[in-house]
Amino acid sequence: DITMAMGRYGVKTKLSPEEVIQKAKTYFGEQGLHLTIVEEGACCISFEGGGGFVSLTLAEEEGKTDVDLTTREWMFDVQQFMSAIAS
(Lines give C-alpha, C1' and ligand atoms only; values in the text may rest on other atoms or scores of the structure.)
Protein backbone atom coordinates (compact mmCIF):
# COMPACT_ATOMS: atom_id res chain seq x y z
CA ASP A 1 0.00 0.00 0.00
CA ILE A 2 1.35 3.38 -1.02
CA THR A 3 -0.16 6.31 0.86
CA MET A 4 0.32 9.82 -0.41
CA ALA A 5 0.80 12.43 2.28
CA MET A 6 -1.90 15.07 1.98
CA GLY A 7 -2.49 18.17 4.01
CA ARG A 8 -5.03 20.95 4.42
CA TYR A 9 -4.01 24.28 5.82
CA GLY A 10 -5.45 27.72 6.37
CA VAL A 11 -3.88 31.13 6.93
CA LYS A 12 -5.08 34.72 7.12
CA THR A 13 -3.14 37.52 5.45
CA LYS A 14 -3.40 41.29 4.95
CA LEU A 15 -2.52 40.73 1.29
CA SER A 16 -5.28 40.99 -1.31
CA PRO A 17 -6.32 37.81 -3.17
CA GLU A 18 -4.51 39.17 -6.26
CA GLU A 19 -1.30 39.64 -4.27
CA VAL A 20 -1.55 36.14 -2.77
CA ILE A 21 -2.01 34.61 -6.24
CA GLN A 22 0.97 36.58 -7.56
CA LYS A 23 3.15 35.45 -4.64
CA ALA A 24 1.97 31.84 -5.11
CA LYS A 25 2.95 31.99 -8.79
CA THR A 26 6.42 33.25 -7.87
CA TYR A 27 6.87 30.69 -5.08
CA PHE A 28 5.36 27.55 -6.63
CA GLY A 29 5.54 28.36 -10.35
CA GLU A 30 8.32 28.57 -12.94
CA GLN A 31 10.48 31.00 -10.94
CA GLY A 32 10.26 28.94 -7.77
CA LEU A 33 9.50 25.24 -7.39
CA HIS A 34 8.72 24.81 -11.12
CA LEU A 35 5.21 23.48 -10.62
CA THR A 36 2.78 23.87 -13.52
CA ILE A 37 -0.30 26.08 -13.17
CA VAL A 38 -3.27 23.87 -14.01
CA GLU A 39 -6.08 26.21 -12.94
CA GLU A 40 -6.28 29.92 -12.23
CA GLY A 41 -9.14 32.25 -11.35
CA ALA A 42 -9.83 35.38 -9.31
CA CYS A 43 -10.18 33.35 -6.11
CA CYS A 44 -8.10 30.24 -6.74
CA ILE A 45 -4.97 28.82 -8.29
CA SER A 46 -3.72 25.24 -8.56
CA PHE A 47 -0.31 23.83 -9.38
CA GLU A 48 0.86 20.30 -10.21
CA GLY A 49 4.25 18.66 -10.38
CA GLY A 50 6.72 16.46 -8.59
CA GLY A 51 4.10 13.77 -8.02
CA GLY A 52 1.79 16.10 -6.14
CA PHE A 53 -0.19 19.33 -6.23
CA VAL A 54 -0.86 22.59 -4.41
CA SER A 55 -4.28 24.31 -4.52
CA LEU A 56 -5.13 27.69 -3.02
CA THR A 57 -8.66 29.03 -2.51
CA LEU A 58 -9.04 32.62 -1.38
CA ALA A 59 -11.85 34.56 0.29
CA GLU A 60 -11.80 38.20 1.37
CA GLU A 61 -13.15 38.77 4.86
CA GLU A 62 -13.06 41.97 6.96
CA GLY A 63 -9.99 43.48 5.33
CA LYS A 64 -8.07 40.21 5.35
CA THR A 65 -7.80 37.32 2.93
CA ASP A 66 -8.52 33.77 4.10
CA VAL A 67 -6.27 31.35 2.23
CA ASP A 68 -7.16 27.64 2.22
CA LEU A 69 -4.39 25.40 0.93
CA THR A 70 -4.61 21.74 0.00
CA THR A 71 -1.51 19.82 -0.98
CA ARG A 72 -0.04 16.43 -1.68
CA GLU A 73 3.74 15.99 -1.44
CA TRP A 74 4.45 19.71 -0.89
CA MET A 75 3.62 20.12 2.83
CA PHE A 76 6.93 21.67 3.86
CA ASP A 77 6.84 24.22 1.03
CA VAL A 78 3.19 25.08 1.71
CA GLN A 79 4.05 25.73 5.36
CA GLN A 80 6.98 27.96 4.29
CA PHE A 81 4.70 29.88 1.92
CA MET A 82 2.08 30.32 4.66
CA SER A 83 4.73 31.74 7.01
CA ALA A 84 5.80 34.17 4.31
CA ILE A 85 2.29 35.60 3.78
CA ALA A 86 0.83 35.28 7.30
CA SER A 87 -0.24 38.45 9.08
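The values are calculated or read from the model by the stated rules, or taken from the named source; none is laboratory data. Not measured: the values here are computed from a predicted model. Note: accessible area is taken over every heavy atom of the protein model, side chains too, but ligands, DNA and RNA are not part of it. Shrake-Rupley method; radii C 1.70, N 1.55, O 1.52, S 1.80 Å.
Numerical summary
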| quantity | calculated |
| --- | --- |
| Accessible area in square angstrom per residue, the chain, 1.4 angstrom probe | 60 |
| 0 to 90° range, to nearest 10: angle between helix 75-85 axis and the chain longest Cα axis | 10 |
| Region 13-87: Rg to Rh, with Rh as the Kirkwood radius over Cα pairs | 0.94 |
| Gain upon complete extension [Arg72, Gln22; 0.36 nm per residue less C-alpha separation] | 15.9 nm |
| Crossing angle, helix 17-28 versus the chain [Cα axis fit, 0-90 degrees, rounded to tens] | 30 |
| Cross-link reach list, aspartates and glutamates versus Lys12, counting only Cα pairs under 12 Å and skipping chain neighbours closer than eight places | Glu60, Glu61, Glu62, Asp66, Asp68 |
